[in-house]
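Taken together, the values in this text are just the output of simple stated rules run on the coordinates, not laboratory data. Please read all numbers here as calculations on a predicted model, not as lab measurements. No Cβ is skipped: glycine too gets one built from the backbone with ideal geometry, and neighbour counts run over all protein chains shown.
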Amino acid sequence: LAAGSLSVNFIHSWAWSEPLFIFLLLWAFYFFIKYDRSKSLAYFILSAFLFGLSLLTRYVGALFIIAVTATFFIQKLPVLAKWTRMIGFFALSILPMSIWSLSNILLYGRITNRNIFFHFITIDNLRQFLTSDFFQILVVWGILLFLLGIFGKFFPDFRFRFKIPRDISIILFSIFVYTIGLGISISLFDANTPLDNRILSPCFVLSVVA
């Protein structure tokens, strides 16, 4: 479904950062889920490294790092182990960007060329979001959940036990954090960032995968 999407194919036909960003994210989530199942240190390091590379590709990759790091809180581990792994994962993930930022400071005297300035999300931003492929996926999810609720209402004998798998929960939570973070980014850093299919393409692809 994602590979057949016109918007995804259009994005990959241009020399934009999104194709590489999505590629790195998919592999990062894959190895993180592998780590979550096996608790393998190799998967832990590899996933953190790939998330770090995605951050180098696009600054908003930090939102996925924050979201994934937060999922350590729901792991069934002792408190000390949770904090140790959470801090370790976050540190490994931001290591490539830390090196790059230090280089920018030494060479140019600042990390990036972005300035903080508050501005509201515009009607045009909302219109772009409502016409995006990602929003259409959200509508489909909403309709399916509504139909399941109606089915359970009229057929009480049908015991429908729906539990979202942990793997999918991690991805969905990351999508939620990324979407909220985009709104914050537009409000504080770059008012010209559109909420179109290009910017929301990581959410669309990840939602299809989930």
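Count Lys and Arg as plus one, Asp and Glu as minus one, and take only other residues whose Cβ is under 12 Å from that of residue 204; the net charge is then -2.
If packing is taken as the mean number of other Cβ atoms within 10 Å per residue, what is the order of 55-66, 73-84, 133-144, highest first? If you can, show how the numbers build up before the last one.
Values: 55-66: 20.0, 73-84: 11.2, 133-144: 14.5.
The most tightly packed comes first, giving 55-66, 133-144, 73-84.
Considering all alpha-carbon pairs of the range 27-74, what whole percent are spaced by more than 16 angstrom?
Details: 373 of 1128 pairs.
It works out to 33 percent of all Cα pairs.
Classify the range 1-107 as rounded, prolate or oblate from the Cα gyration tensor: take a ≥ b ≥ c as the square roots of its eigenvalues, call it rounded if a/c is under 1.5, otherwise prolate when a/b beats b/c and oblate if not. Walk me through the intermediate numbers first.
Numbers: a/c = 2.67, a/b = 1.33, b/c = 2.00.
The shape class here is oblate.
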